[in-house]
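First comes the structure, then the notes that go with it.
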Amino acid sequence: MKDWLTGYLAAQKAALDSIPTEAVARLIEVLKQALDAGRQIFVCGNGGSAANASHFATDLGKGSSDKVGRRFRVLSLNDNVSWLTAIGNDYAYDDIFVRQLENYGQAGDVLLTLSVSGSSPNVVKAVQWAAQHGLHTVALVGAKRGRVAEFAHEVVVIQDTHYGRVEDAQMGICHMLCYAFMERPELAG
């Protein structure tokens, strides 16, 4: 077991080391611009990525907003269970994010998606719609990149395909995005 744990940690460190810091710095600027313009930031994913999306929305909406003294307008599209189940039941599970964006998304807003495979049909559909309607689209994906990478304006790739390691690295990116403003509030200047 110790060898497996050591190997797992080594692989996790490699996944973290693959985070492209220049791309994360660009995303911090995207968030700053959204804050300055009062734009909405939407975030979504499935499974563990859904949990990461909710966590990110909480950290940015509460922690980062408190530190910079202005409010990030951030919403996890995963968090309204009654709406998700109504859309999934009455239309299709593939529509659970795009149908919400049709109600709320406007040109100039930001859509941040989290997906290890990059091929979740509901995430791909949301990114396609958002890109066609003037939202700035960001995809955090694993090494397979997937279909979402074809449509997103910015793609941040973790060089691994293991779901746990990629989700951990993506949460690391989400924390960097939030803590950049918490620990350096002057960035929001």
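Taking segment 75-133 as the region of interest, how many residues are closer than 22 Å to residue 170 by Cβ and basic (Lys, Arg)? Qualifying residue count for the region: 1.
Here segment 1-41 is the region considered, the condition is being in contact with an Asp or Glu (Cβ under 9 Å, 6 or more places away or on another chain) and closer than 30 Å to residue 85 by Cα, and the residue that is surrounded by the most Cβ atoms within 10 Å (Cβ to Cβ) is 41.
Quick check on segment 102-121. Is at least one of its residues assigned to a helix (DSSP H, G or I), under 17 Å from residue 147 (Cβ atoms), modelled with pLDDT of 95 or more and touching a Phe, Trp or Tyr at 6+ places or on another chain (Cβ under 7 Å)? No. In segment 118-139 there is at least one residue matching the filter, namely being under 14 Å from the mean Cα position of the chain (by Cα) and at positive phi.
Can you say whether residue 91 is among the aromatic types (Phe, Trp, Tyr) and without any contact (Cβ under 8 Å) to a residue 40 or more places away in the chain, as far as the supplied structure shows?
Working: among the aromatic types (Phe, Trp, Tyr): yes; without any contact (Cβ under 8 Å) to a residue 40 or more places away in the chain: yes.
Yes: the conditions hold for residue 91.
Answer yes or no: is there a residue in segment 100-112 that is among the polar types (S, T, N, Q) and crowded, with 22+ Cβ neighbours inside 10 Å.
Within segment 100-112, the subset among the polar types (S, T, N, Q) is 100, 103, 106.
This time we only want the ones that are crowded, with 22+ Cβ neighbours inside 10 Å, so: none.
Scanning segment 100-112 turns up no residue that is among the polar types (S, T, N, Q) and crowded, with 22+ Cβ neighbours inside 10 Å.
For segment 42-74, a residue qualifies if it is crowded, with 19+ Cβ neighbours inside 10 Å and either of a type in the set (A, V, I, L, M, F, W, C) or in a loop (DSSP other than H, G, I, E, B) (or both), and the qualifying residues are 42, 43, 44, 46, 53, 56, 57, 60, 68, 72, 74. Scanning segment 150-166 for residues that are crowded, with 17+ Cβ neighbours inside 10 Å, more than 10 Å from residue 15 (Cβ to Cβ) and either under 13 Å from the mean Cα position of the chain (by Cα) or touching a residue at least 60 places away in the same chain (Cβ under 8 Å) (or both) returns 152, 155, 156, 157.
The values are calculated or read from the model by the stated rules, or taken from the named source; none is laboratory data. The structure presented is a predicted model; accordingly, all values stated were derived computationally and were not measured. Note: ideal-geometry Cβ built from the backbone for every residue, glycine included; neighbour counts use all protein chains shown.
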